[in-house]
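Student: Shown below is the structure under consideration.
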Amino acid sequence: MKDRFIYIVLFLLSIIAIFTIIFTVRLSIVRKDSANSINENILVIDNQNQSLVVGIENNNKKEEKREEKKEEKKEDNKEENKEEKKENVVLDPATLTQQIYAMNSEIGTLYIPRTGLNTSIYSNSAVSKMEKMPCFLYTTGGLNKPGASLIVGHNRRNGKLFSNNKKIQEGDEFYFKDYEGKELKYIVYKKFTTTEDDMSFLNPDETKPVIALSCCTDANDEYRIIVLGRAEI
């Protein structure tokens, strides 16, 4: 009876030991799974954080590019405004005349079919240049631009330079090409004789380009033959 009791106790202890081992093994497995799950969660979180960081960096780069484009547009607008201001600046006749005088070069060509004259025009009335070609003297608005410009030349009374301007008639045409390569056709609308100091025919309010050709009369050097031509535009 005593031996049987011992066997029963040992059997129960064996069962307890087996259950203890099984429980320990299962607990170890659960802990491993839990640790793996935690590691996986940490990895996912890290990946999410990295993606978030990359997304933030990309957004920052996009914002920087947008700001750069805005700054570029601002600079472009500033340059455009500067150019517009330059174009819209209206210079007075004295300043315009002085600018052309300062070029010290040929500023265009004049062709008069009636007289057959085809000549260069110099930028100022220097004596040495007046001997060779007609010269620019004054403008109210610029060459080939609205306003009046005066070109003077010698009457050599020998067919050279402006010697034949007396033959020009109202309705005739002449052509002026400026230093920028712009050529306009002018129609003579008035021709008259006046004194050497008369400049009243230079009207600053002309809405079209006007060129006045001036030279001495055949009779004397105190009077001028004035030929006025208005651009056909």
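Student: Kindly rank 221-229, 111-119 from highest to lowest mean number of other beta carbons found within 10 Å of each residue.
Tutor: 221-229, 111-119
Student: Show me, for segment 122-138, the HN-Hα J-couplings you get by feeding each phi into the Karplus relation (A = 6.51, B = -1.76, C = 1.60, θ = phi - 60°), rounded to Hz, glycine and proline as x.
Tutor: Ordered by residue, 3J(HN,Hα) equals 8, 6, 8, 8, 4, 3, 5, 7, 4, 5, 9, 7, x, 9, 6, 10, 6 Hz.
Student: A further question follows. Short version: ³J(HN,Hα) in whole Hz for each residue of segment 149-157, in order, from phi by Karplus 6.51 cos²θ - 1.76 cosθ + 1.60 (θ = phi - 60°), x for Gly and Pro, what are they?
Tutor: 10, 10, 10, 10, x, 6, 9, 7, 6
Student: Take the residue pairs LYS145/LYS177; LYS132/LYS160; LYS167/LYS191; LYS129/LYS182; LYS145/LYS185 and return only those whose Cα atoms are more than 20 Å apart.
Tutor: From the list (LYS145/LYS177; LYS132/LYS160; LYS167/LYS191; LYS129/LYS182; LYS145/LYS185), the Cα-Cα distance tops 20 Å for LYS129/LYS182.
Student: Rounded if a/c is under 1.5, else prolate if a/b beats b/c, else oblate: with a ≥ b ≥ c from the C-alpha gyration tensor eigenvalues square-rooted, which is segment 93-231?
Tutor: The shape class here is rounded.
Student: Counting only residues 5 or more places away or on other chains, whose amide H sits under 5 Å from the amide H of HIS154 once H atoms are built in the peptide plane?
Tutor: For HIS154, whose amide H was placed from the backbone, the distant partners under 5 Å are PHE162.
Student: Quick check on the exposure proxy: order TYR186, TYR179 from fewest to most C-beta atoms within 10 angstrom.
Tutor: TYR179, TYR186
Student: If each residue's Cβ is checked for other Cβ atoms within 10 Å, how do VAL210, VAL188 rank with the fewest at the top?
Tutor: Ranking VAL210, VAL188 by Cβ neighbours within 10 Å, fewest first, gives VAL188, VAL210.
Student: Tell me which residues come under 5 Å, amide H to amide H, from TYR223 once H is placed; ignore anything under 5 positions away on its chain.
Tutor: THR217
Student: I would also like to ask the following. Report the residues of segment 167-182 in range of a label on ASP218: point 7 Å along Cα→C-beta, backbone N strictly under 11 Å from it.
Tutor: 167
Student: Contour minus end-to-end for ARG157 and ILE16, with contour as 0.36 nm per residue of separation and end-to-end as the Cα-Cα distance?
Tutor: The span from ARG157 to ILE16 would gain 36.3 nm if fully extended.
All of the numbers you see were taken from the coordinates with simple rules; none came from a lab. This one's a predicted model, so the numbers in the text were calculated from it and none came from an experiment. Every residue, glycine as well, gets a Cβ built from its backbone with ideal geometry; the counts of neighbours run over all protein chains shown.
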